[in-house]
Structures are given as C-alpha cells and as structure tokens.
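The next block holds one structure in the form of structure tokens; read it before the comments.
Throughout, read-outs are computed from the coordinates displayed, never taken from laboratory work. These numbers were taken from a predicted model, which means no experiment stands behind them. Cβ atoms come from the backbone with ideal geometry, glycine included; neighbour counts cover every protein chain shown.
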Amino acid sequence: MSRPICAAAAAVAIALLLAGCAVPGRMAEPAGMGPTEAREAIVRLLPAGTDDRAGWAADIHAALSTLELPSTPANLCAVLAVTEQESGFRADPAVPGLGAIARKEIERRADEAGVPRLALRAALALNSPDGRSYAERIDAVKTERQLSEIFENFIGMVPLGKTFFESRNPVRTGGPMQVSIAFAEAQAKARPYPYPVRESIRREVFTRRGGLYFGAAHLLAYDAPYDQPIYRFADFNAGRLASRNAAFQNALAVASGLPLALDGDLLPRGSGAPRGETERAAGTMAGRLGLGEPAIRRDLEKGEDADFANTALYERVFAYAERLDKRALPRAVLPRIDLHSPKFTRKLTTEWFARRVDERHRRCLDRIGAPRVD
C-alpha cells in the first residue's frame, strides 16, 4: 500500500474512532446570565429588608436552571414579580385571621355533609398528634402550611374528617408563589423533582426551594403564544393557556353572536358534566364551520394543550369571525374571572392579579436595565 493511501486510511480510522467517542449533536450554547451574574442580579432586585437574600437568589436561580429555563432578565423578573405579589418574599406567609377562616370552612363543609355541630365539636376536641386538641391548633394557626398539616392529621386520624373532606386536604395552594399543590404533584410525576422529598410534595410546596421551583414551572415552563408577559401572569392565576382560550371564546362569541364568559375554560370540569356554553355556542356553528359535534368536542378537549391552536375548530372559528368582523382578532385576552377565597376581604379578579404582577415585572425590568415588551 502506498504512503498516500496509508495516510488516508489512517486519517479515516482516526475520524471514525473520534466519531464513535463523540456525543451526538452539538452542545447547546448557554443562554441568559451565568450563575454568579444571575444570583447577584437577584440579590440587587430583592426588596429591602428581605431575609436571607443570598438564599432566595440561590433558590430562584436553581429553579430556572433545573427547569432548563435561561436566567434572562424577563424570566428572573417574572418569578420575582409573582413572588412579591403572592407572599412578599416569605416562604410560608402568615394569613390574618386564618384560624377563624378555617373554622368557618370546617363548619360549612360539615353542614354540607349533614354532620351535626355537636359531633363536629366533639371531633375537634380530640387530641392531635402534638398533644393539643384540633380546636386549639386551629385557633392558633398562622400560616397555610400549619393549617395544611392540621388537616392532614385530622383527615388521617379522625373518621369524621374523611366524611366532609373526602380525604382531600382543602388547602390547595401554598409557598412563596402560592402555587397549586395539585399542579406541583402532577409536575413531580412528569419531571423529576430536583430535591430530596422529605415527607411529600405537598410539604415541599411550603418550603422556599420547592415553592419557587413549582411556581417557576407553572409560570414559565410551557409554550405559550403570547407577545406580552401579562398573559402568562393571568395564566398563573387562571390556569395554563387560559388567556389563549379566552381569546378563542371571544372569537367564538363574535362568530356565533352568542355572549360567552371569557374565562378560559372550554369545557366544564368534572366527569359527566353537561355541555358548557362554549361547546353549545360552537355546536350552533357546526354547519358553518364544516365540523360535526364529535369533532368539535374532540378539539375542545385539547384546550389545555398547545396543540389546540392547530385544530380545525380553532382555525375555522377565527377565520369565520375575522371575515365577519372585518378585522384581526386578538390571540390572547385576559380571562374575566372573579376570584373567590375565604382569605379575600374584597372583590378580586384574574385581570386585577395579572395587571398588578405586570406592573411589578415592568419595574423590575427598569431596575435591571432590560428592555420591556409593550
């Protein structure tokens, strides 16, 4: 074999050897700020008087990093804005009058279940695992974490607790971002939780690191067709893609001529629920849209997925409404939802929440020197 051929063969062999050892594909370039820069920026942006600023900065950056979200000014400020709105940077914020609120909720549920008040008082007089009666613990409760733990004990140890709580803890949100516990439990099944679970995912939500991780996931870790962050803030309150769905309901109202609640819920919740107003309005347009009712139902069932925007129902409703109205219709609308909670002392809405958080987000971007999206 000649020297040129030998050299070529050797070059090919080396190339094959290197290819066999290499990792397939190109390594992605890091996006956003580096760890040190991001943590330093968060420390600067935290409100004056925040305890353990370095700890907050570390947990916020860790949440974004483990979710594979870049530490951009927009992302950092989004997490900071929601956290400030929901808890004022307290991992387990105190709720004024929580004991009285809890008492009323227990009594309401007991009444609905037909449990006599005498039987309820007897159950609350029983000693809980810490030696105090359930009534004493409820009267002294300050935070949702404490209340959640009381309900866990009460449901697990008092048969009456299962009667009117149906084995479901009524504390549904918690932690520094007031994230849904049901969302956190589903997220932990879909993607490994990056920290050791000490007792349960529910308990992790009430920690700073867990609450920030699940809150950042709910806020940012999904594809959304929005050109302004305010719609993500509305989704955080109303449910993922609620702003997109509210825009679809708006287009459907234009197309059908029927008034619709722009709440982002395309189908009623719960199995066996009757058809909701969105499905009924779409059904009146079945002939004009060229879609049968089974096809309409099938597309509406995709309302919690990004793919809903690619369905025939979504595309045809917008096309028909825009021809009718002779203008482009928005693809995102703030959901119109009145918020209800025993904790609220005044009327609040999803739009109010989204605008408050958006104002905080804008101020944060101004402080960090980043351009805003208007």
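Would you check the chain for Lys pairs whose C-alpha atoms are within less than 20 Å, ignoring same-chain pairs closer than 8 in sequence, and give me the count? If you can, show how the numbers build up before the last one.
Details: Lys104/Lys142; Lys104/Lys162; Lys104/Lys343; Lys104/Lys347; Lys142/Lys343.
Close lysine pairs under the 20 Å cut-off: 5.
Sparse packing (at most 12 other Cβ atoms within 10 Å of the Cβ) combined with a DSSP loop state is found for the following GluC sites (Glu not before Pro) in the range 141-248: Glu166, Glu199. Taking a span of 18 Å or more along the helix axis (Cα atoms) and a mean Kyte-Doolittle hydropathy of at least -0.5 as the rule, the DSSP H helices of the chain that qualify are 3-21, 53-66, 73-87, 144-157, 242-256, 312-325. Loop-located GluC sites (Glu not before Pro) in the range 55-135 (DSSP state other than H, G, I, E, B) with a sparse environment of at most 10 neighbouring Cβ atoms within 10 Å: Glu68.
From least to most packed, judged by other beta carbons within 10 angstrom and beginning with the fewest, His218, His61 follow the order His218, His61. Amide H contacts of Val179: Gly174, each under 5 Å away and 5 or more positions distant or on a separate chain (H built 1.01 Å from N in the peptide plane; Pro and chain starts excluded).
From its DSSP helices (H runs of at least four residues, each -39,500 (n - 2.57)), the chain gives a residue-normalised ellipticity at 222 nm of -17500 deg cm²/dmol. All distinct Cα pairs of the chain go into the 1/r average, and the inverse of that average, the Kirkwood radius, is 24.0 Å.
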